[in-house]
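A short worksheet on the structure shown next.
The values are calculated or read from the model by the stated rules, or taken from the named source; none is laboratory data. Quick caveat, the model's predicted, so the values are computed rather than measured. We place every Cβ from the backbone using ideal geometry, glycine too, and count neighbours over all the protein chains shown.
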Amino acid sequence: MDSTLSLDVLRDLGRWLPQNDLIHLAFTCRRLYRALHEHIYLAIVIDSSKRVFCLELAAECTTRYTQTSQSAFEPVVIRSLYALTRFLKTLIAHPEYAQYIRILVAQDRFPDVPALDLNNYLIQVFPHLDRLQVLNWYLPDCPLHAELLALLPRPERLESLCGNFQSLHTNFCAKNFFALRHVDISGFPSAETLAHIDFSKFHLLESLTLSRNVPRNRISSASKLDRCCRKSVETQVENLTAILSAPKAPLCMLQMISSQIETPHRLRSLVLRDISVTPSDGRTLLENIDGTTLNHLSLENCVEQLFEPDFYHPNEVRIVRRNPPAVTFMDAFFAGITHLRLLDINLTNELCYNDATLRAISKLKGLSRLSVHLKHFCRRGAYDIEPLITALRTHEHTLKHLDICINVVERINVSLCPKKVSYYELDSLHGLCVLTHLRILRLPVKYGQIEKIPLHLSQLKNIEILHLVVTDLNSLPLTASCNNCENPAMYALCKSNSLIATEYFHGANSYANSLKEGNANHFLEFAVLYKQFFPKLAYLRIDLNDQSFLFDCRNASFINFKDQVYLDHFDLLASRHLSETY
């Protein structure tokens, strides 16, 4: 069969084959080996975790990498220490093979190779990466030294540089990487590290990500709750003062753009993670970024300093401010943003002042995705969600993906009282019914509200993925009789017996399995109910403090519970479903 096909057809066929099939086909005969050998080295992913890389990397290459997206392909994943050392030694023995590599990705779970040995291998490999276009290096414990970047023979071909790097301020020459379109720098210790990088040399820059800490689980980031949402379901209240003054608190790192450049960057995506901003930073950003081209903005775990730091004498009384300034970062920056489509905002300030965020959302036009995280101080009564609902009405014809997170925080150190659960009145959700194009929705709810939510949102007939974050399940009384629990003894034993380790209820034993099965069957009833109100519902996910449940609702007559494997790849599962339906 192979003798009747031309080499071009064989190469095109190899681009669509999974990793094992490609390797087996290449070693069938010499002719196939010569035709497919280059594709084996085209995209290399190094990660020992169990993940479906082909879906994530192929989608990313299609949307972000302009030149490599001209042809789809399956990456080769290296998971074991033996495979990694064999791969590096092969490149050292045959430098011409390194010229085939266009994409090199190292994820957070790296094979256990000593850092010194790995550095010695890379010193011999990097000088031969002539065609490298994408370099992603996300190793929290082993950053890539910037001296290795200087060994690249053709740095002008590099289009994407992402990851955590060491000694960027002394060994990185920005003028040699003028073709960069995507820059993601994480794990830098201070603002001075970035201040030495001349970002004005990146004339073709399209997306910029700055993260003080190295994020883990980048591929399945949406499969697990982020830090803010995890805090909302925990029983311990979050201390706002500790967030602002912790050793790893966000630092002000926008000093790198303190001076205006000649031509503003025409960014399509800007992501700031663990960054502290001020109102003046908003104006400085607008001077260096063309707000008319920005399509995606993400402020993740960021802190806004509403006031300048004050210096007091030892005997001077400290003044506590209670009123926000006239202009905030959101007011200053969003004054020049006109074409934003994707907005993820998790911005905290010392006053829990959210009005500026809501004003920015209402001023924008045509958002298709919005993820908003709001914090408020402990108080009695329901949280007023009506201002947020009002701001969302300006996007009723375009919004398809909505994530809402509401968390209670405290201004003082430790509260002697139990955490006051954040909740809102269900009647206020009627305003969401105007979002008729909504397909993905995530809401924080109380356990008692789960059964009533479909009655208030029944007009959203296009909902396909529904994600509920239960914020009060661990705050229920220790006896389950008042909560209509069928097994009060099991509930009380699981929730109140401190003599039994928590790991026991998550291990592989008959009691834990029976408990999990009972909980799954209990929430399965909610899945059946939701399918009746939302005919297009494909997946229903319910997150508790200590466990999560995922139900496949695509078949109304057979709604089943999915195991942990599907939860770990929930983001890929959802994106694949949406791509198949439209």
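A few comments on the model shown:
- Look at the range 321-344: where a residue is closer than 17 Å to residue 289 by Cβ and a partner is basic (Lys, Arg), sitting 6+ places away or on another chain with Cβ atoms under 6 Å, you get 332/283; 342/369.
- Where strands (runs of 3 or more DSSP E) fall entirely within the range 509-569, those with at least 3 residues that are free of Cβ contacts under 8 Å to residues at least 40 places away in the same chain and under 27 Å from the mean Cα position of the chain (by Cα) are at 548-552.
Conditions (1) at pLDDT 85 or above; (2) part of a strand (DSSP E or B); (3) crowded, with 20+ Cβ neighbours inside 10 Å, marked per residue:
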{"position": "262", "(1), (2), (3)": "no, no, no"}
{"position": "293", "(1), (2), (3)": "yes, no, no"}
{"position": "300", "(1), (2), (3)": "yes, yes, yes"}
{"position": "360", "(1), (2), (3)": "yes, no, yes"}
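- Unmet criterion (only one of (1) crowded, with 18+ Cβ neighbours inside 10 Å; (2) at pLDDT below 85) for residue 304: (2)
- Beta carbons closer than 6 Å, at least 6 apart along the sequence or on distinct chains, pair a first residue in the range 7-19 that is under 21 Å from residue 78 (Cβ atoms) with a second that is outside any loop (DSSP other than H, G, I, E, B) and modelled with pLDDT of 75 or more for 14/22; 14/36; 14/39; 19/76.
- Test result for residue 130, under 20 Å from residue 49 (Cβ atoms) and either outside any helix (DSSP H, G or I) or of a type in the set (Phe, Trp, Tyr) (or both): no
- The residues of the range 76-107 that are under 20 Å from residue 141 (Cα atoms) and either in contact with a strand residue (DSSP E or B) (Cβ under 6 Å, 6 or more places away or on another chain) or touching a residue at least 40 places away in the same chain (Cβ under 8 Å) (or both), listed by number, are 78, 84, 104, 105, 106, 107.
- Checking residue 90 against (1) within 22 Å of residue 40 (Cα to Cα); (2) in contact with a helix residue (DSSP H, G or I) (Cβ under 6 Å, 6 or more places away or on another chain), the condition it does not meet: (2)
- The set of residues from the range 147-156 being basic (Lys, Arg) and either within 10 Å of residue 180 (Cβ to Cβ) or crowded, with 21+ Cβ neighbours inside 10 Å (or both) is empty.
- Residue among 105, 76 that is closer than 22 Å to residue 144 by Cα, of a type in the set (A, V, I, L, M, F, W, C), modelled with pLDDT under 90 and out of contact with any Asp or Glu (no Cβ under 6 Å at 6 or more places or on another chain): 76
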